[in-house]
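Just so it is clear, none of the values below were taken in a lab; they were calculated from the coordinates. This is a predicted model, so every value here is computed, not measured. Reconstructed Cβ throughout: ideal geometry from the backbone, glycine too, with neighbour counts over all protein chains shown.
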Amino acid sequence: MKKGDFLKNLYPDYLKRFKCSSSACRHNCCIGWEIDIDEATLDKYRRTGGETGEKLKRCIAEDEDGAHFILAEGERCPFLNQENLCELIISHGEDFLCDICRAHPRFHNFFTDYTETGLGLCCEEAAKLIINNPETVEFISEGECAPLPDDEKELLLMRDRMLDTARDETLTPAQIEAKILLLANAKPLDLSAPKWADFIETLEKLGDDRDGFVRALKKAETLALPGTHEKSAEQLYVYFIFRHIADSLWDGLLSQRTAFCALAVRLIYTAYLNSQPRDLCGSARVFSSETEYSFENLTAFLEIL
C-alpha cells in the first residue's frame, strides 16, 4: 500500500477461503441469537407466497425497533431444521437470507471511500481459519486508489505500524504488546487474572460457555502470553488490531482500543492455558462472542481501560 493512497476494499487473504461448516458446526449461529431482519429483506418476505410465505408470517415479530425472527424451542431459528440446515437456503438459496444471516461471520469497517471486511472469531470455523493459519497474513486490496481525509490516512498508517509490529517474528508477544501500547500512548495493562475474571462476570452473559472461560481465568494469578513468538498469537494480534483500531476514528478511543486488543490476546491465552481440554480456538470463540457482539460489553471494557 502506497503512503497516502488507500484502495476501496481491503480484506485479509484468508477471507475467501472461509466455508461454513453448516450442520457440522458445534456452536450453530442459528441457535441462541435473535436475528434482526433488514427492511429490504422484510419487504421481500412479506411478498413471499406459498408455504414459505405462510411460515415467514408466523415466525417474524415486528415492533417499533424493527423485525426479527421469533426463536423456537431451544432458542433455535424457526427455519433451522433437524439436521441443523437452513430451510430458507435449501428452498430459495443464500440470496434469500436477510443481511445479517448472509454476511455472518463477516464484519465491516467503513471509511469515506473505503471499506474493509474480515471474519469474526465468534464463528468456530473462522476461528480455526484465523488462528491455525501458518502463514503471515497479507491484506488484499480491490478497486481503484482513492484519497482519504487526513485523519483517516493517519489512523490507517498508525494501524499499519501496529500490524507490522504484530507480524515481526523477531518479537515476543510481550514485546509486541509493549510496542503497540506505546504507539497508541496507552497505559500498561493490569495483569491480574482474578480481577478480569470478576469484571467479566459483571457483564451481560450471552452464552453458557462464558462460565468455563471465567473459571479458567480464576485459576491463574497473572494474565499469560507465550514466551516466544508463536504464529497463533501473531494471528490474534493481527485480527484484533485490524478489527478494532478503525473504530477509534469515530469515538477517539485509540489508546483504549489498542489496550483492548492487547488485553484480548492475554485473556484468551490465559483461559486456554487453564482449561481442560485446551482449545485455543474455543477460548477465542467464547471471548469474541461475549464481547465483540455486545455493544454494552465492549463499551464496558473500553471504559475500564
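Below is a table of values for the structure above.
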| item | result |
| --- | --- |
| Cα gyration tensor shape of the stretch 149-304, rounded if a/c is under 1.5, else prolate or oblate by comparing a/b with b/c | oblate |
| Förster-model FRET efficiency, 45 Å R0, ALA178 and ALA103, C-beta, rounded to 0.05 | 0.80 |
| Signed unit charges on C-beta, dipole axis of the stretch 149-304, positive-most listed residue LEU253, THR222, PRO149 | THR222 |
| Net length gained if the chain between PHE295 and ASP36 were fully extended (0.36 nm per residue, minus Cα distance) | 91.7 nm |
| Three-way shape call for the stretch 7-54 based on the alpha-carbon gyration tensor, with the a/c threshold at 1.5 | oblate |
| Dipole of the chain, positive end: most advanced residue of PHE139, TYR45, ILE35 [Cβ charges, Cα centre] | PHE139 |
| Residues of the stretch 261-305 with amide N under 18 Å of the 7 Å Cα→Cβ point at GLU204 | 286-304 |
| Estimated distance in nm for a label pair at TRP250 and ARG278, the labels positioned 7 Å out from Cα along Cα-to-Cβ | 3.8 nm |
| Length added when fully stretched, THR48-ASP150, from 0.36 nm per residue minus Cα-Cα | 32.0 nm |
| Over 30 Å (Cα to Cα) - which of LYS19/LYS55; LYS153/LYS179; LYS19/LYS179; LYS8/LYS205; LYS16/LYS219; LYS19/LYS44 fall in this group | LYS19/LYS179; LYS8/LYS205; LYS16/LYS219 |
| Label point distance in nm, THR115-GLU303, each placed 7 Å from Cα along Cα→Cβ | 3.3 nm |
| Gyration tensor verdict on the stretch 30-99 (Cα atoms; rounded if a/c is under 1.5, prolate if a/b is larger than b/c, oblate otherwise) | oblate |
| Calculated FRET value between ASN9 and ASP168, using beta carbons and R₀ = 22 Å, to 0.05 | 0.25 |
| Radius 9 Å from Cβ of HIS229, net charge of other residues (Lys, Arg +1; Asp, Glu -1) | -3 |
| Charge dipole magnitude, Cβ of K and R +1, D and E -1 - the chain, Cα centre, debye nearest 20 | 940 debye |
| Projected label distance in nm at LYS16 and SER141, using a 7 Å step from Cα toward the beta-carbon | 1.7 nm |
